[in-house]
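Participant: Provided herewith is a single structure, encoded as structure tokens, for subsequent inquiry.
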Amino acid sequence: MPMIKSEEVLQFIVGTPEDSRRLDRLATELGIDSLILMENASLAVFRVLRQMYNLSETNVLVVAGIGNNGGDALGLARKLYVEGYNVKTVIVGDPDNYRYPAKVNYKIVKNLNMEVNTIHSTHDIPLFKDLLEWSDVVVDGLLGIGINRDVRGVYSEIISLINTSGKDVISIDIPSGVGGADGKIYGSAIRAKATVVMGILKIGNLIYPGAEYNGKLYISRLSYSSPLIKSIDIRQYVNLPVNFPRRREESHKGDYGKLLTIGGAINYYGAPLFSTYAFLKSGGGYARLATLEEVIKVVAGKAPEIVFHPLTMNSEGAISSENIDKILDLIEMYRIDILIVGPGLSRSEDTLSLVRELLLKTNKPVILDGDGLYAIKDDLEIISRRDGQTILTPHKIEFTRVFGLEMDYVDENRIAVLRDISSRTKSIIVFKGAHTLIGYPNGDIFINLTGNPGMATAGSGDVLNGVIASSYGLGLRLGDAVKAGVFLHGLAGDIAANELGMDGFTSWDLLMYLPKAVKLFREKYREVIDRYLPEVVL
Ligand SMILES: NC(=O)c1ccc[n+]([C@@H]2O[C@H](COP(=O)([O-])OP(=O)(O)OC[C@H]3O[C@@H](n4cnc5c(N)ncnc54)[C@H](OP(=O)(O)O)[C@@H]3O)[C@@H](O)[C@H]2O)c1
């Protein structure tokens, strides 16, 4: 079974614009002049265009800003011209502002007497409209990772005209208007059909809202070698999970993990069921659910494969703190490997005190989710004081409330905040959302690319807990199980969306697609991983 090599993981690191600039500087120190990098960039876009279109029958409009992103675009325009293809170029801004190496490409296109138009202000918009009308494909080299303010005036008008033209747009490095460091939209942004990323993926290519603007992603290494990339200690990666060890012929259910879920309260029946059943539907061995008798009565018939353990209820209709010894006995008696604590637990203070006590009294790995997360809200230290490993799986609202942060602050500093809290609490944190982020105590952050908006449905996060637990049960180390679980959860959602459509598939459907997702992952591992990775171009 082909696995992902560490070398490849390195190829899909995800950096900031500053990381890119550092790589450029280091490459230059090795004698790889920035003009060589620019030529590499121009040729990469040329190759993608040639792959996507019959260029002999395609009118290409190259739109260049006056930074190096524009320089890449001018190099491409020159290549198209030299090869005899139909190309027109438009520079937005004052070409006198070009600096090396973009300045060299500007000089060449002038010397070649290519058609180069210049747009200085909104008065020139009619000219731009004519050029747009002529084109079949637009190449966007207006703004790259050097964007530093909202787009206004002529830039904003041009972006809007391109977006409403219905023409295919290929962006260079990052769609103009998207922030490379954070995926923020600076006023407005180009919606591309494809984006050719230069050197390394940028955070803005992968996190939302920016991630929605790329279209298909391509990546060119330019002339960055692996040692060069390694030398700058970038700690963000695309989530490329390892595959499971195979199921042995002679094995029994105890070999694939023993889960105990603690969750549920009056009126919260579904969540603990989804988590526990997801464990079984994704290959886990033995699933137990400790919950209120009232919950068992409602859900037991839905999933008779689960073993239920009744717990007593407190006056708030939630699991009473008096159950602590019973839960510890269950862990001991059934040799539980991993716990899921929190789905549908309610925020009864008595129940949350039980969660705190349990966290400190068991050394088993705990996946803490939903209401369970609120148990640590006022004392995050509990997690770092534990003897066992902890995985927290908050969505954005839980993340801000449990860690006491403002929503806007989290939006703008997602990666930094996740890294900080993961290392402070010494826990693995799965920050759920579109392109879920996984933070590790050592500072590594993995960006997951599976999943779709159809998964924004009640119970979807509960399912995730079970898939992480089963990945552990199937033999992965805990850190790897989190990555595999997050990937597979999204993969099951993508298969469900493909077969049912995104509207209206429920978490129950998601459960039903888990076996198919695990099968695909096991048997067509490389193909499945590649489906989500940017295509590498020379
Ligand atoms: N060595 C290379 O050749 C090489 C290597 C890798 C990548 N690249 C390419 O170069 C790009 C980075 O080049 P760069 O640093 O020159 O940045 P850039 O993204 O090409 O643009 C920088 C220019 O845009 C202006 N600008 C920033 N925000 C603006 C806004 N909202 N509206 C209008 N103008 C705005 C800046 O003006 P102010 O000066 O006024 O702020 C500056 O002139 C990458 O994205 C990549 O495509 C080149």
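The values are calculated or read from the model by the stated rules, or taken from the named source; none is laboratory data. Bear in mind the structure is a predicted one, so any value in this text is a computation, not a measurement. Cβ placement follows ideal geometry from the backbone for every residue including glycine, while neighbour counts extend to all protein chains displayed. These accessible areas exclude ligands, DNA and RNA; they are computed on the full protein's heavy atoms, side chains included. Shrake-Rupley method; radii C 1.70, N 1.55, O 1.52, S 1.80 Å.
Participant: Please give the net charge around S223, taking every other residue with its beta carbon less than 13 angstrom from that of S223, where Lys and Arg add +1 and Asp and Glu add -1. If you can, show how the numbers build up before the last one.
Facilitator: Values: positive: R221; negative: D24, E29, D33, E39.
Every neighbour counted, the sum reads -3.
Participant: Counting only DSSP beta bridges with both residues in the stretch 254-333, tell me the antiparallel percent, nearest 5. Walk me through the intermediate numbers first.
Facilitator: Details: 2 of 12 bridges.
Roughly 15 percent of the beta bridges in the stretch 254-333 run antiparallel, per DSSP.
Participant: Continuing with this model, one more query. Taking only Cα atoms of the stretch 268-424, what ratio of Rg to Rh do you get with Rh as the Kirkwood inverse-distance radius?
Facilitator: That ratio is 0.97, to two decimals.
Participant: Same structure, new question: With charges only on Cβ, +1 for K and R and -1 for D and E, what is the dipole size of the stretch 376-455 about its Cα centre, in debye, rounded to 20? Could the numbers behind the result be given before it?
Facilitator: Details: 10 positive and 11 negative charges, 47 e Å.
So the magnitude is around 220 debye.
Participant: Using DSSP to define loop residues, name the trypsin sites (Lys or Arg not before Pro) in the stretch 492-527 whose beta-carbon has at most 15 other beta-carbon atoms within 10 Å.
Facilitator: Values: sites: K516, K519, R522, K524, R526; in loops: K524.
Filter output for the stretch 492-527: K524.
Participant: With every protein chain left in place and a probe of 1.4 Å, what is the accessible surface of T506, to the nearest 10 Å²?
Facilitator: Counting only protein heavy atoms, T506 exposes about 60 Å² to solvent.
Participant: Can you give me the % of accessible surface on the chain that is carbon or sulfur? Probe 1.4 Å, all protein chains present, nothing else counted.
Facilitator: Details: 10390 of 21760 Å².
Carbon and sulfur together cover 48 percent of it.
Participant: Here's another thing I want to ask about it. In whole angstrom, how far apart do the alpha carbon centroids of the stretch 228-245 and the stretch 140-194 sit?
Facilitator: The stretch 228-245 and the stretch 140-194 have Cα centres separated by 28 Å.
Participant: If Lys and Arg each add +1 and Asp and Glu each add -1, what is the summed charge of the other residues whose beta carbon sits under 12 Å from the beta carbon of A44?
Facilitator: Summing Lys and Arg as +1 and Asp and Glu as -1 gives 0.
Participant: Could you pull out the pairs from K281/K524; K103/K202; K258/K361; K297/K396 whose alpha carbons sit more than 22 Å apart here?
Facilitator: Cα-Cα > 22 Å for K103/K202; K297/K396; rest within.
Participant: When Rg is the radius of gyration of the Cα atoms in the chain and Rh is its Kirkwood radius, what does Rg/Rh come to?
Facilitator: On the Cα set of the chain, Rg over Rh gives 1.05.
Participant: Roughly what angle does helix 507-523 make with the longest principal axis of the chain, taking Cα atoms, 0 to 90 degrees, to the nearest 10?
Facilitator: With both axes taken from Cα atoms, the answer is about 70 degrees.
Participant: Further question on the same structure: Considering only protein heavy atoms, with the full assembly of protein chains and a 1.4 angstrom probe, order H395, H489, H120 by accessible area, largest first.
Facilitator: In descending accessible area the options line up as H120, H395, H489.
Participant: Which longest uninterrupted range of the chain lacks any GluC sites (Glu not before Pro) assigned by DSSP to a loop state (not H, G, I, E or B) and surrounded by at most 14 other Cβ atoms within 10 Å?
Facilitator: 116-248
Participant: On average, how much accessible surface per residue is there in the stretch 6-238, in Å², for a 1.4 Å probe, leaving out ligands, DNA and RNA?
Facilitator: Details: 9310 Å² over 233 residues.
Roughly 40 Å² per residue, with all protein chains present.
Participant: What translational diffusion coefficient, to the nearest whole µm²/s, does the stretch 253-531 have by Stokes-Einstein, given a Kirkwood radius computed over alpha-carbon pairs, a temperature of 25 °C and 0.890 mPa s viscosity?
Facilitator: Answer from the Stokes-Einstein relation: 133 µm²/s.
Participant: Could you pull out the trypsin sites (Lys or Arg not before Pro) across the stretch 115-196 that fall in loop regions by DSSP (anything but H, G, I, E, B) with no more than 13 other Cβ atoms inside 10 Å?
Facilitator: Listed in order of number, the matching sites are R149, R152.
Participant: Using only the Cα atoms of the stretch 332-437, what are the Rg and Dmax in Å?
Facilitator: Expressed in Å, the Cα Rg and Dmax of the stretch 332-437 come to 13.5, 46.
Participant: Determine the dipole magnitude for the stretch 6-238: charges of +1 sit on the beta-carbon of Lys and Arg, -1 on that of Asp and Glu, nothing else is charged, the reference point is the Cα centre, and the result goes in debye to the nearest 20.
Facilitator: Here the size comes out at about 160 debye.
Participant: Hey, what's the stretch 290-358 come to in accessible area per residue, 1.4 Å probe, Å²?
Facilitator: For the stretch 290-358, the per-residue accessible area is 45 Å².
Participant: Of V467, V242, which has the most accessible area with a 1.4 Å probe, and how do the rest follow in descending order?
Facilitator: V242, V467
Participant: I've got another one for you. Just the accessible area for M198, please: 1.4 Å probe, Å², rounded to the nearest 10?
Facilitator: 10
Participant: Separate question: Diagonalise the Cα gyration tensor of the stretch 419-523 and give the resulting equivalent ellipsoid semi-axes, square root of 5 times each eigenvalue, largest first, whole Å.
Facilitator: Each semi-axis is √(5λ); the values are 24, 15, 11 Å.
Participant: Rg and Dmax in Å for the stretch 6-238, alpha carbons only: what are they?
Facilitator: Both quantities, over Cα of the stretch 6-238: 16.5, 53 Å.
Participant: Can you give the charge dipole size of the chain about its Cα centre, rounded to the nearest 20 debye, using +1 on the beta carbon of Lys and Arg and -1 on the beta carbon of Asp and Glu? Walk me through the numbers on the way to the answer.
Facilitator: Details: 58 positive and 64 negative charges, 224 e Å.
With Lys and Arg at +1 and Asp and Glu at -1, about 1080 debye.
Participant: For L500, what charge total do you get from the other residues with a beta carbon under 15 Å from its beta carbon, if Lys and Arg give +1 and Asp and Glu give -1?
Facilitator: -3
Participant: Would you mind calculating the relative contact order of the stretch 253-531 from Cα pairs under 8 angstrom and at least 6 residues apart, reporting the percent as a whole number?
Facilitator: Computed value for the stretch 253-531: 19 percent relative contact order.
Participant: Report, to the nearest 10°, how far helix 349-361 tilts away from the longest principal axis of the Cα atoms in the chain, using its own Cα long axis and a range of 0 to 90°.
Facilitator: Relative to the chain, helix 349-361 is tipped by roughly 90 degrees.
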